[in-house]
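Worksheet for the structure shown next.
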Amino acid sequence: MSKRGLGKGIGSLIRDYSFDDVVQEHAPEGNVIDADITKVDANPDQPRKQFDEESLDELANSIREQGVLQPVLAIQQGDRYIVIAGERRLRAAKRAGLETLPVIVKSYDENKRLEIALIENLQRENLNPIEEAKAFRFLIDAAGISQDELSKRLGKRRSTIANSLRLLNLPELMQDALKDHTLTPGHARAVLSVVNPADQEHLFKEIVEKGLSVREAECRAGELNQGSRAGASRKKQKKAETRPPEIEHLEERFLEVLGTKVSIKGNLKKGKLEISYYSQEDLERIFEIIAPDIRLSDEL
């Protein structure tokens, strides 16, 4: 995808085109219409592909009682309207049996429509992990900006964006497991820390079949990288059981931030950290999270 500017920038998109701001500040007088709901269509480029059925039913019940309290944002194509923000309300309104839907009509090109839909979902955390990762990738490529700049624009930690983008390196089967929540992002990061693709698949199967916790998956990843498909020894298991829960919690938090195994040797007052990496690319990724303003390639 070719990189291009976004006019006022992603920061402006977030301020100007988040749905609430559009409704409250950017709708000219008389621009809200009651459209025939049979002529209102979902956005084919909507980044969110899965909608919770129970949640939609609850919203539909609310709409039957109170009506649609907030218009959807749409563009007009001929005599039809394409929703670019508020598709969940559209779906629920149809379930509720409404004949008309309040719509704010705006004019955007195709790329801008997708950007707005992405940002609305990112802000409201309505995307599954893979949809979110693809949204981050699109915004980075479209705007030609760094992960650090995107993190500032979206108000998300840079490590969150970096770890999210890594999920796109997973095989399709594992990405599908993330979409249906069979696999959590924490489990996926443990799988990604395994160097050998065959061992990655082996760990994935263990997680699904044995119901491994994230911590257990991370430990198994370390064992697989050391060439062992055997389970942890009883001695290691006993040692893990007697470790202070505060230390284990901190190691889990490090795993979430760095996306790799981190061992704490010592206690809460004194000790050392051991950060694992399994390739030069992995090392550079971790370094970039810790020191985003320094290019490791310049140091090597």
Karplus-derived 3J(HN,Hα), 6.51/-1.76/1.60, for each residue of the stretch 56-64, Hz, glycine and proline x:
5, 5, 5, 5, 4, 5, 5, 5, 4
Dipole axis of the stretch 127-184 (+1 Lys, Arg; -1 Asp, Glu on Cβ), positive-most option in 142, 184, 170
142
From fewest to most C-beta neighbours within 10 Å, the residues 187, 202, 249 line up as 249, 202, 187
Filter on 210/261; 179/210; 134/156; 152/270 - keep pairs with C-alpha separation over 23 Å:
152/270
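Taken together, the values in this text are just the output of simple stated rules run on the coordinates, not laboratory data. Just so you know, these numbers come straight off a predicted model, no measurement behind them. In this analysis, Cβ positions are derived from the backbone assuming ideal geometry, glycine residues included, and neighbour counts consider all displayed protein chains.
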